[in-house]
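Working notes for the structure below.
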């Protein structure tokens, strides 16, 4: 299963820096010039630039809008269920399960990493 979400980031907004255990993601810039942060560093993207994020720490990423105009970025993912996402800057791990199967209760929660 694949999923996609279009995000609009106003100037100064950012997604959290994170990586996934199960999902692979990619993004396509639709408008604006967001800054992409990865484990390799930062780079400014422009309309129709694409980036791929594999599973694991090497796929860690954040999209930030340092520009003066809004930007739009669409993310596609493999939609793993259950899924675990690690947020290194926050020292937290997020878990979600049951969102792909309507007959099961959805479980969402945070685990604090010592």
(request) Those residues that are in a loop (DSSP other than H, G, I, E, B), farther than 13 Å from residue 75 by Cβ and under 14 Å from the mean Cα position of the chain (by Cα), I need them from region 29-57; list them, please. (result) 39, 54, 55, 56
(request) With the condition kept exactly as written, say whether any residue in region 28-39 is within 20 Å of residue 2 (Cβ to Cβ) and surrounded by 15 or more Cβ atoms within 10 Å (Cβ to Cβ). (result) yes
(request) Select, from 63, 86, the only residue that is farther than 26 Å from residue 11 by Cβ, under 13 Å from the mean Cα position of the chain (by Cα) and either at pLDDT 95 or above or not in a strand (DSSP E or B) (or both). (result) 86
(message) Need the failing condition index for residue 95 against (1) closer than 28 Å to residue 112 by Cβ; (2) assigned to a loop (DSSP other than H, G, I, E, B), just the number.
(response) (2)
(request) Of the numbered conditions (1) surrounded by 15 or more Cβ atoms within 10 Å (Cβ to Cβ); (2) closer than 20 Å to residue 5 by Cβ, residue 93 fails exactly one; give the number of that condition. (result) (2)
(request) Please state which of the following conditions residue 69 fails to meet, knowing it meets all the rest: (1) loosely packed, with under 11 Cβ neighbours inside 10 Å; (2) more than 15 Å from residue 33 (Cβ to Cβ). (result) (2)
(message) Cβ-Cβ under 6 Å, sequence separation 6+ or interchain: first residue in region 76-105 and on the phi > 0 side of the Ramachandran plot, partner in a loop (DSSP other than H, G, I, E, B). Which pairs?
(response) 79/1; 91/113; 98/104; 98/105; 98/106
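The values are calculated or read from the model by the stated rules, or taken from the named source; none is laboratory data. Model, not experiment: these values are computed from the prediction. Glycine also receives a Cβ, built like all others from the backbone with ideal geometry; neighbour counts cover every protein chain displayed.
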